[in-house]
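Engineer: Quick one: this structure, given as structure tokens, is what I'll be asking you about.
The values are calculated or read from the model by the stated rules, or taken from the named source; none is laboratory data. In this text, all values refer to a predicted model and were calculated from it rather than measured experimentally. All Cβ positions, glycine included, derive from the backbone under ideal geometry; neighbour counts span all protein chains shown.
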Amino acid sequence: TTMEDAESPTMECFICREEIVFILLIRLLCGHYYCRECLGRRFQVAADDRRLYPPRCCDTKISSRTYGSRIDYHILKDYLYKKIEWDTKDPTYCSNDRCGKFVRPNNIRGQDAKCPCGVQTCTRCKRRSHQGDLECNGPIDTALQATLRLMRQRRWKRCPNCHTGIERIRGCSRM
């Protein structure tokens, strides 16, 4: 260590607890100090796991606008790419089973989402695009379809008020 290092004040990183030269630490809005590596890890984890997005400390969001310049460029790039996916209200993923990647909003025209792999996916039903076909009727609820099929097979009826499937076992035909 040099004479300057010995004289530089240090402080503990809130995450790794290492003593870091104070001027190298990053102070977050909540008041905690992070080293560059730990702050970068927060962004990387948020990019890898939607449950940990957005990155936080003490329930305070850690903004990429405010702190992005302080972390590794590649981590920031990965994070910003995933941020678009995590922030998209109704994300569309490629309908190609061998791809399945997120289709960025700038690759969507009308109902057609074009993946870089070349496959177009319908943004409403999330299956292959219906180009030239009839208009999409929206997503198919496979569980509902299976229930309706079972009701037909067993000759169940639907309640005229609440539409719940019912079966008359005995008694009169009044509800």
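Engineer: Would you point out which residue out of ILE15, ILE20 is among the β-branched types (Val, Ile, Thr) and surrounded by fewer than 17 Cβ atoms within 10 Å (Cβ to Cβ)? It would help to see each step written out before you state the result.
Structural biologist: Values: ILE20 fails: surrounded by fewer than 17 Cβ atoms within 10 Å (Cβ to Cβ).
When all the criteria are applied, what remains is ILE15.
Engineer: While we're looking at this one, here's another question. In segment 81-123, how many are crowded, with 16+ Cβ neighbours inside 10 Å, farther than 25 Å from PRO54 by Cα and not hydroxyl-bearing (Ser, Thr, Tyr)?
Structural biologist: Of the residues in segment 81-123, 8 are crowded, with 16+ Cβ neighbours inside 10 Å, farther than 25 Å from PRO54 by Cα and not hydroxyl-bearing (Ser, Thr, Tyr).
Engineer: Now a separate question. Kindly list the number of the only condition in (1) part of a helix (DSSP H, G or I); (2) modelled with pLDDT under 95 that fails for LYS89.
Structural biologist: Looking at each condition in turn, LYS89 falls short on (1).
Engineer: Another one. Name every residue in segment 66-80 that is assigned to a helix (DSSP H, G or I) and either crowded, with 17+ Cβ neighbours inside 10 Å or out of contact with any Asp or Glu (no Cβ under 9 Å at 6 or more places or on another chain) (or both), in order of residue number.
Structural biologist: Initial filter on segment 66-80 (assigned to a helix (DSSP H, G or I)): 66-70, 73-80.
Of everything in segment 66-80, those that are assigned to a helix (DSSP H, G or I) and either crowded, with 17+ Cβ neighbours inside 10 Å or out of contact with any Asp or Glu (no Cβ under 9 Å at 6 or more places or on another chain) (or both) turn out to be THR66, TYR67, GLY68, SER69, ARG70, TYR73, HIS74, ILE75, LEU76, LYS77, TYR79, LEU80.
Engineer: If LYS83 satisfies all but one of (1) in the same structural domain as ARG36 (by TED's automatic domain parsing); (2) at pLDDT below 95, what's the number of the condition it fails?
Structural biologist: So LYS83 meets the others, but not (2).
Engineer: Does SER63 fit the bill of being surrounded by fewer than 16 Cβ atoms within 10 Å (Cβ to Cβ) and over 29 Å from LYS101 (Cβ atoms)?
Structural biologist: It is false that SER63 is surrounded by fewer than 16 Cβ atoms within 10 Å (Cβ to Cβ) and over 29 Å from LYS101 (Cβ atoms).
Engineer: Select from segment 127-150 the residues that are modelled with pLDDT of 70 or more and polar (S, T, N, Q) and write down the one among them that is farthest from ASP90 (Cα to Cα).
Structural biologist: Out of the qualifying residues, it is THR147.
Engineer: While we're on this one: What tally of residues in segment 1-21 results from selecting those that are outside any loop (DSSP other than H, G, I, E, B), at pLDDT 90 or above and of a type in the set (A, V, I, L, M, F, W, C)? Can you show your working first?
Structural biologist: Filtering segment 1-21 down to residues outside any loop (DSSP other than H, G, I, E, B) leaves 3-7, 10-12, 19-21.
Going one step further and asking which of them are at pLDDT 90 or above, we end up with 10-12, 19-21.
Imposing the further condition that a residue be of a type in the set (A, V, I, L, M, F, W, C) reduces the set to 11, 20-21.
Matching residues across segment 1-21 total 3.
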